[in-house]
Amino acid sequence: MRSITLPQTDLSVSRFVFGTSGLFNVRGRENREALLEEAVAQGFSHFDTAPYYGFGHAERDLAPILAQHPDVTVATKVGLYSPGGEAQPAWQVFARKAVGRAAKSMSKPELDFSLDRAQQSLVGSLRRLGRERIDLYLLHEPELALIATEEWLRWLEDCRTSGKVRYFGMAGLPESTVPILAAEPGLGMVLQLADSLDRQEADHALGERAMQVTYGYVSAAMQRARALNVPGVLAKALERNRTGAVIVSTTRRERLAQYAPIAGAAG
């Protein structure tokens with residue numbers, strides 16, 4: 001699969017990034033690891049995860065893959081956490097998610113942008129991922145009212161200086177990102193933004209900046225189109241984000257082979 005260096009960084013990533021938000025829907029850790037291993041075989045060199053994904057299991061599932069492929073890079077996040085914590089056994093996560101369909105509070109993420117919690121979260125993510133450094137560390141769906149921007153910037157810069165974080169930034173909705181960038185532009189070293197082909201929401205936050213990482217194209221198209229050509233949507237997503245990478249996700253190994261040809265055709 002083609003790769004690209006994200007603007008304003010020296011981080012080289014595959015044009016398609018493998019997102020792990022739905023990874024826990026694959027039953028069995030061995031099956032999840034096999035899916036991730038196949039993703040690497042098909043050319044994915046960058047993975048996106050978070051403590052909230054699979055309530056900690058997504059990060060743990062990535063650990064053996066990252067150990068076997070040290071050149072693979074990873075993004076994880078801070079600010080949204082799992083109800084019940086990130087150390088729950090798999091059966092408890094499945095139960096909580098099942099009950100959460102009726103009682104939302106059972107599976108709803110906990111928002112906490114205190115720096116004390118963030119410091120604990122970084123230690124936990126490094127441990128679960130089995131790495132000494134996170135390539136890309138992102139505030140997870142931040143809101144200006146919840147963030148002490150100057151303190152966060154100082155802490156994240158300290159994390160870079162200490163070698164625990166390579167790059168940092170924000171992941172979320174463009175409309176929430178804009179006021180944070182206005183208050184503290186330094187927090188936007190890397191922006192991972194929700195976007196769509198028809199509404200092009202990311203432009204609102206980017207201004208004159210080049211796109212880095214975007215996501216949400218297929219889900220947006222599914223909501224607004226009667227017929228859906230997924231490869232066509234993905235090809236147009238790469239045409240729109242010519243300078244960066246697009247997050248995709250699947251739970252089916254046989255679908256992984258489709259991405260490299262699309263990325264190759266897009267250039």
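Which lysines, on any chain, are close to K164 with Cα under 19 Å apart, when same-chain ones fewer than 8 places away are left out?
Leaving aside lysines fewer than 8 places away in the same chain, those within reach of K164 are K77.
Add -39500 (n - 2.57) for each DSSP H run of 4 or more in the chain, then divide by its residues: what number comes out at 222 nm, to the nearest 500 deg cm²/dmol?
Mean residue ellipticity, 222 nm, calculated: -11500 deg cm²/dmol.
What ³J(HN,Hα) values, in whole Hz, does the Karplus curve 6.51 cos²θ - 1.76 cosθ + 1.60 give for segment 75-82 when θ = phi - 60°, with x put for Gly and Pro?
With coefficients 6.51, -1.76 and 1.60, one gets 10, 9, 9, 8, x, 10, 10, 7 Hz.
Using Cα positions and a limit of under 18 Å, work out the aspartates and glutamates in reach of K236, with same-chain residues fewer than 8 apart set aside.
Of all the aspartates and glutamates, those that pass the test against K236 - Cα under 18 Å, at least 8 places apart if same chain - are D195, D198, E201, D203.
Residue by residue, what Karplus-based ³J(HN,Hα) values in Hz, rounded to whole numbers, does segment 139-149 have, using 6.51, -1.76 and 1.60 with θ = phi - 60° and x for Gly and Pro?
5, 8, 6, x, 10, 4, 5, 9, 10, 7, 4
Please identify the GluC sites (Glu not before Pro) of segment 95-166 that satisfy two criteria: DSSP loop assignment and at most 15 other Cβ atoms within 10 Å. Which are they?
Loop-located and lightly packed - E132.
Could you name the lysines whose alpha carbon sits less than 16 Å from that of K97, not counting residues in the same chain fewer than 8 places away?
Here the lysines satisfying the reach criterion relative to K97 are K108.
Are there GluC sites (Glu not before Pro) in segment 170-267 that DSSP puts in a loop and that have at most 15 other Cβ atoms within 10 Å, and which ones?
In loop regions of segment 170-267 (DSSP not H, G, I, E or B), the sparsely surrounded GluC sites (Glu not before Pro) are E208.
I'd like the distance between the alpha-carbon centres of segment 1-61 and segment 103-141, rounded to an integer number of Å.
Result: 17 Å between the Cα centres.
List S121, S14 from most exposed to least, where exposure is judged by having the fewest other Cβ atoms within 10 Å.
The order, fewest Cβ neighbours first, is S121, S14.
Of T76, T250, T20, which is the most mobile in a GNM of the chain whose springs link Cα atoms less than 10 angstrom apart?
Per the Cα network of the chain with a 10 Å cutoff, T250 tops the list.
For segment 1-61, what's the relative contact order in percent, using C-alpha pairs closer than 8 Å and at least 6 residues apart?
RCO, segment 1-61: 37 percent.
May I ask you to evaluate 6.51 cos²θ - 1.76 cosθ + 1.60, the Karplus curve with θ = phi - 60°, for each residue of segment 120-134 and list the ³J(HN,Hα) values in order in whole Hz, giving x for glycine and proline?
Result, ordered by residue: 5, 5, 4, 4, x, 5, 4, 5, 5, 7, x, 10, 8, 9, 9 Hz.
In a Gaussian network model over the chain where Cα atoms closer than 10 Å are linked, find which of M211, M222, M170 has the largest mean-square fluctuation.
M222
Which residue, L146, L181, L23, has the most motion in a Gaussian network model of the chain that connects Cα atoms within less than 10 Å?
Comparing L146, L181, L23 in the GNM, the peak value goes to L146.
Between R199 and D10, how many nm apart are label points set 7 Å from Cα along the C-beta direction?
3.9 nm
Give me D195, D158, D112 ranked fewest to most by other Cβ atoms within 10 Å of their Cβ, as a rough exposure proxy.
Going from least to most buried by this count: D158, D112, D195.
Using only alpha carbon pairs under 8 Å that are at least six residues apart, calculate the relative contact order of segment 3-266 and give it in whole percent.
21 percent
Just so you know, all these numbers are worked out from the coordinates, no wet-lab data involved. These numbers were taken from a predicted model, which means no experiment stands behind them. As a convention, Cβ positions derive from the backbone with ideal geometry for all residues, glycine included, and neighbour counts pool all protein chains shown.
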